[in-house]
Amino acid sequence: MAISRRYAAMAIVAGAALVMYLAHSTDYRPLTGPNRFSASQAPPYTAAIVYLLSVLPGPRSPERLFESLARMQMNIPWRHQWPVLLLHAGAYDTLDSQSEFLNRLRDSADSHGMTADATARLVNRIEFVTTHHELPEGVPATGGADEPVWPGEWPAYQHMCAFYSYKIFSHPRIKDLTYYLRLDDDSSILEPTCIDPFEYMHVQNKSYAFRHESPDMGWVTEGMWPFVNNYAARHPDVEQRLASNGWEWPPNRVWPGKAHEYGLGANFPSYETNFDLVKLSRFRTPEMTEFLAELASDPRRFYWYRWGDAPVRMAEVSMFLDVKTEVHQMCEIRYAHKTFVFEDCECVPLP
């Protein structure tokens, strides 16, 4: 009996070691075996939900955010109460402003039928993170003599696109996390789902998850096709990765790409990034960092031509990740952005 107990203990240790090996493997297959953690164990990853509330100083109504937060808390079976990071440009710098927000959140949660315990868990998750956004050098505050492509929301929208395209990966509060899930204040988790999205990413060994694909129009992606084309021309590994991911180029591709008008007017494939679930380590590799530095080197891309984070994220994923094994369309979560309800699929609980 003592021998059998000893062998049983050895088997448990060996099984745990195997799980840890698979969790850190670069082979992007789903994990197998006892890979779940109990409520008493420290999770083998870190995570946060991210809302970018404002990029410019000044108040902004939080009413839509309250509803989004309530639905997020109620309809996802969180295995761990990860922080909810509310990134703002100074609106909640004072304790009074934070206290007022949390009191209003409690009232709103009650109106959405949340229990006192659920409301307390949500409130305890909230973390206010001051995040400033400055115009890049050479971009005048007036927009300059040349009219930006998207002048109506300039520069707030452009700040947001630049932040989510590359700046978020080096944000001091976010960069060392394992995962983050970006939601917008008009994002809605419509119904209870059977999976925790972070746990799904961990168990299935995924690096990126999205809800919907929709192309960005050519008039707001001017220069993006030649940028990606030229980068691939100078990086054979990127060219190979794009080909293996089934990347489709506009007609008459120039090689090596020098024509700045290549793909002019052609729509650019995009992920709808209002639901954006990222494994940080895969977006902080040396190869990705080199690409992001070149992307950021010309601020006109975001501040004049209004490149969005949605097509940029599609380019990043297609150029550096194995889409077949690392990317998942998380249709298990019934989700809407504004009034658009995305198509969903059957939710199968994790093993």
Subject >> Single condition LEU22 does not satisfy, out of (1) loosely packed, with under 14 Cβ neighbours inside 10 Å; (2) at pLDDT below 60; (3) not in a loop (DSSP other than H, G, I, E, B) >> reply: (1)
**OP:** Name the one entry in ARG29, ARG36, ARG64, ARG60 that is in contact with an Asp or Glu (Cβ under 7 Å, 6 or more places away or on another chain) and either modelled with pLDDT under 95 or under 28 Å from TRP154 (Cα atoms) (or both).
**Re:** ARG64
Original post:
Does PHE101 count as under 23 Å from the mean Cα position of the chain (by Cα), surrounded by 13 or more Cβ atoms within 10 Å (Cβ to Cβ) and either of a type in the set (S, T, N, Q) or under 24 Å from ALA47 (Cβ atoms) (or both)?
Top reply: no
Original post:
Which condition number in (1) over 30 Å from VAL341 (Cβ atoms); (2) modelled with pLDDT under 95; (3) under 24 Å from the mean Cα position of the chain (by Cα) is the one that VAL228 fails?
Top reply: (2)
Original post:
Within region 280-315, can you find the residues that are surrounded by fewer than 21 Cβ atoms within 10 Å (Cβ to Cβ), touching a residue at least 40 places away in the same chain (Cβ under 8 Å) and not in a helix (DSSP H, G or I)?
Top reply: ARG284, PRO299, TYR305
Subject >> Identity of the residue in region 54-77, crowded, with 17+ Cβ neighbours inside 10 Å and hydrophobic (A, V, I, L, M, F, W, C), that ends up farthest from ASP196 (Cα to Cα) >> reply: VAL55
Original post:
Filtering region 154-167 down to residues that are of a type in the set (Ser, Thr, Tyr) and touching a helix residue (DSSP H, G or I) at 6+ places or on another chain (Cβ under 6 Å), which residue is surrounded by the most Cβ atoms within 10 Å (Cβ to Cβ)?
Top reply: SER165
Original post:
Quick one: which of THR119, THR131 is hydroxyl-bearing (Ser, Thr, Tyr), crowded, with 18+ Cβ neighbours inside 10 Å, at pLDDT 95 or above and touching a strand residue (DSSP E or B) at 6+ places or on another chain (Cβ under 9 Å)?
Top reply: THR131
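Per-residue answers, yes or no, for (1) exposed (fewer than 13 other Cβ atoms within 10 Å of the Cβ); (2) within 27 Å of the chain's Cα centre (by Cα); (3) within 30 Å of GLY218 (Cα to Cα):
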position: GLN81; (1), (2), (3): yes, yes, no
position: HIS88; (1), (2), (3): no, yes, no
position: LEU95; (1), (2), (3): yes, no, no
position: THR115; (1), (2), (3): yes, no, no
position: GLY138; (1), (2), (3): yes, no, yes
position: VAL149; (1), (2), (3): no, yes, yes
position: GLY152; (1), (2), (3): yes, yes, yes
Original post:
When you look at SER68, is it more than 27 Å from LEU277 (Cβ to Cβ) and either assigned to a helix (DSSP H, G or I) or in contact (Cβ under 8 Å) with a residue 24 or more places away in the chain (or both), yes or no?
Top reply: no
**OP:** Considering only region 245-272, state which residues are modelled with pLDDT of 95 or more and exposed (fewer than 12 other Cβ atoms within 10 Å of the Cβ).
**Re:** GLY246, GLU248
**OP:** Take region 191-209 and flag every residue that is farther than 21 Å from GLN81 by Cβ and in a loop (DSSP other than H, G, I, E, B).
**Re:** ASN205, LYS206, SER207
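The values are calculated or read from the model by the stated rules, or taken from the named source; none is laboratory data. The structure presented is a predicted model; accordingly, all values stated were derived computationally and were not measured. Here Cβ is always computed from backbone atoms with ideal geometry, including for glycine, and neighbour counts include all displayed protein chains.
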